[in-house]
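Remarks on the structure that follows.
The values are calculated or read from the model by the stated rules, or taken from the named source; none is laboratory data. Just so it is clear, the model here is predicted, and its values are computed rather than measured. So basically every Cβ, Gly included, is an ideal-geometry build from the backbone, and we count neighbours across all protein chains shown.
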Amino acid sequence: MGGKAGDQALRRSSFQEAISHLRKSIAVADKAWGSLTPRAAAGATSASASQRLKLQTNLGKALMWSKGFASSETKAAFSRAQELVAYVDDSTERFDTYYGLLVGSLV
């Protein structure tokens, strides 16, 4: 639920609101992922990994526009997204992560 609210706030350029919603959604998703048994985590769908990656990259985008391209918070958000990339099969879903990392290192 917070992921949708964060996405909508991001599209409206309400970056602080988006950051708040996305951080809450990420905390819930991480808690749910962490509560899985190792066997269940191994069999978790790539859809849940894709959803977690989308939440994290959207947080990175909101931080990018709110705090700056090279802020430590922005870099940390995209670094976390880079950890999640390993669980996603679709290369097009990885683009935002790599773009955020590139821009952060260039600025």
- Restricting the first residue to segment 84-107 and requiring it to be closer than 16 Å to Arg52 by Cα, which pairs with a second residue that is modelled with pLDDT under 90 and of a type in the set (Asp, Glu) meet a Cβ separation below 9 Å and a spacing of at least six or different chains? Val85/Glu93
- Mind listing just one residue for me: the one in segment 54-80 that is basic (Lys, Arg) and in contact with a helix residue (DSSP H, G or I) (Cβ under 7 Å, 6 or more places away or on another chain) and, of those, surrounded by the fewest Cβ atoms within 10 Å (Cβ to Cβ)? Lys67
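For every residue, the table says whether it meets (1) outside any helix (DSSP H, G or I); (2) modelled with pLDDT of 90 or more; (3) in contact with a Phe, Trp or Tyr (Cβ under 7 Å, 6 or more places away or on another chain); (4) more than 21 Å from Arg11 (Cα to Cα).
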| site | (1), (2), (3), (4) |
| --- | --- |
| Ala44 | yes, no, no, yes |
| Lys54 | no, yes, no, no |
| Thr57 | no, yes, no, no |
| Ser66 | no, yes, yes, no |
| Thr74 | no, yes, no, no |
| Gln82 | no, yes, no, yes |
| Tyr87 | yes, no, no, yes |
| Glu93 | no, no, no, no |
- Item | All positions within segment 63-107 that are within 17 Å of Ile19 (Cα to Cα), more than 11 Å from the chain's Cα centre (by Cα) and of a type in the set (Asp, Glu) | Glu73
